[in-house]
2 protein chains.
Amino acid sequence: MELLKERIIRDGNVKKGGVLKVDSFLNHQMDVELFNRMGEEFKRRFSDRPINKILTIEASGIGIACIAAQHFNVPVVFAKKAQSINLDGEMLSTKIQSFTHQRVYDVIVSKKFLGPEDHVLIIDDFLANGCAVDGLIDLIRGAGATVEGVGIAIEKGFQDGGKRIREKGIRVESLAVIASMDDETGEITFCN
Amino acid sequence: MELLKERIIRDGNVKKGGVLKVDSFLNHQMDVELFNRMGEEFKRRFSDRPINKILTIEASGIGIACIAAQHFNVPVVFAKKAQSINLDGEMLSTKIQSFTHQRVYDVIVSKKFLGPEDHVLIIDDFLANGCAVDGLIDLIRGAGATVEGVGIAIEKGFQDGGKRIREKGIRVESLAVIASMDDETGEITFCN
């Protein structure tokens, strides 16, 4: 998606350790008009799938997922990190290793909101090693629901998450796939 | 806002300890069409204010804030709980006591995204004792920015947060204000 790639080139910052900071428009400050264009594009790419729910994970996936959901006319469910006293009833749970925060999270979704009747599109801001998406797939399958696909804003094509998940037969659509980043020159190249 | 009150009556559940569960449409599963109507209403109520940014706090405020932001044509910034290695540069920080999670969070916003030029609308899902809103006001004032108002989905009118913040001269607009809840009968009454 050209608009997103142009924005990454203009406003993204490459940091040491394979970190791409896009906090001015994607995951701290959020450009909702850009999100709206991204939502349109997700709808275009998954228009053949019978999606009735979008699943994301707190926190930075929520904004993108909610605005995308307006194009699908479906509700969003967000998986929560760690137990909250306001969550009762039966929970689906899994563990997700966070690269960003260097820890393992327990991630939960209420069984009330994910069941065998659901055809789910996963949406998240980043795909790198794929641990978050693996966890969300695990939750969906644990509910007996169907994974219809994965919609990602920015995929780090030089990490193996996207390849690994596609090899499972799951459709992954990433709006920008980064081939390489150089933290000295700031140069970013894209695969697609 | 009648639509939200009707939804609370229909789908909300009153639990012991003053807890109102609205996780089927507001803060776990999210009804984005309802959020869109709420966003319209926030815009109507704050149409006289020169708002150029919306501030919320992760996680459950983000969806409401992003969809509301489409009606204001402004970006959203969400305050983050605890430090992340992907956040660098100078940070504004404050501490917020969470009633739900029974702990104190360090909450941060990058100084890049909140400054003296900003006229900020705070948006959040709940207002009860007001600790989260107090923290967000503290971040905005710490940045030298202006608090234009506070937009809340559900205010617990039987707790003192709303009264206390209004007494500071800050405009608080809550789309549904709960007067009382009974966890035995499930009855919910509204102030407005």
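The values are calculated or read from the model by the stated rules, or taken from the named source; none is laboratory data. Note that the structure is a prediction, hence the values are computed from the model and not measured. Here the Cβ is made from the backbone with ideal geometry for all residues, glycine too, and neighbour counts use every protein chain on show.
Listed by first and then second residue, the pairs linking a residue in the stretch A:99-120 that is at the interface with chain B (Cβ under 10 Å from one of its Cβ atoms) to a residue that is of a type in the set (D, E, K, R) and part of a loop (DSSP other than H, G, I, E, B), with Cβ atoms under 7 Å apart and 6 or more places separating them unless they lie on different chains, are A:Ser110/B:Asp23.
For the stretch A:32-43, a residue qualifies if it is within 13 Å of another protein chain (Cβ to nearest Cβ) and crowded, with 20+ Cβ neighbours inside 10 Å, and the qualifying residues are A:Val32, A:Phe35, A:Met38, A:Gly39.
Listed conditions (1) within 14 Å of another protein chain (Cβ to nearest Cβ); (2) in contact with a helix residue (DSSP H, G or I) (Cβ under 9 Å, 6 or more places away or on another chain); (3) hydrophobic (A, V, I, L, M, F, W, C) are all met by A:Val133, apart from (1).
Residue-wise test of (1) touching a residue at least 40 places away in the same chain (Cβ under 8 Å); (2) buried (at least 19 other Cβ atoms within 10 Å of the Cβ); (3) under 16 Å from the mean Cα position of the chain (by Cα); (4) closer than 22 Å to A:Gly63 by Cα.
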position	(1), (2), (3), (4)
B:Leu4	yes, yes, yes, yes
B:Arg10	no, no, no, no
B:Gln29	no, yes, no, yes
B:Arg45	yes, no, yes, no
B:Thr56	yes, yes, yes, yes
B:Ser60	yes, yes, yes, yes
B:Asn73	no, no, no, yes
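List the strands (runs of 3 or more DSSP E) that sit entirely inside the stretch A:80-192 and contain at least 1 residues that are modelled with pLDDT of 95 or more, among the polar types (S, T, N, Q) and within 17 Å of the chain's Cα centre (by Cα). Steps first, answer last, please.
Values: elements: A:91-98, A:103-110, A:119-127, A:146-156, A:172-181, A:188-190.
Because the criterion is at least 1 residues that are modelled with pLDDT of 95 or more, among the polar types (S, T, N, Q) and within 17 Å of the chain's Cα centre (by Cα), the strands (runs of 3 or more DSSP E) in the stretch A:80-192 that meet it are A:146-156, A:172-181.
For the stretch B:14-27, name all the residues that are part of a strand (DSSP E or B), in contact with an Asp or Glu (Cβ under 9 Å, 6 or more places away or on another chain) and buried (at least 17 other Cβ atoms within 10 Å of the Cβ).
Narrowing the stretch B:14-27 to residues part of a strand (DSSP E or B): B:14-15, B:19-21.
Keeping just the survivors that are in contact with an Asp or Glu (Cβ under 9 Å, 6 or more places away or on another chain) gives B:14-15, B:19, B:21.
The answer is B:Val14, B:Val19, B:Lys21.
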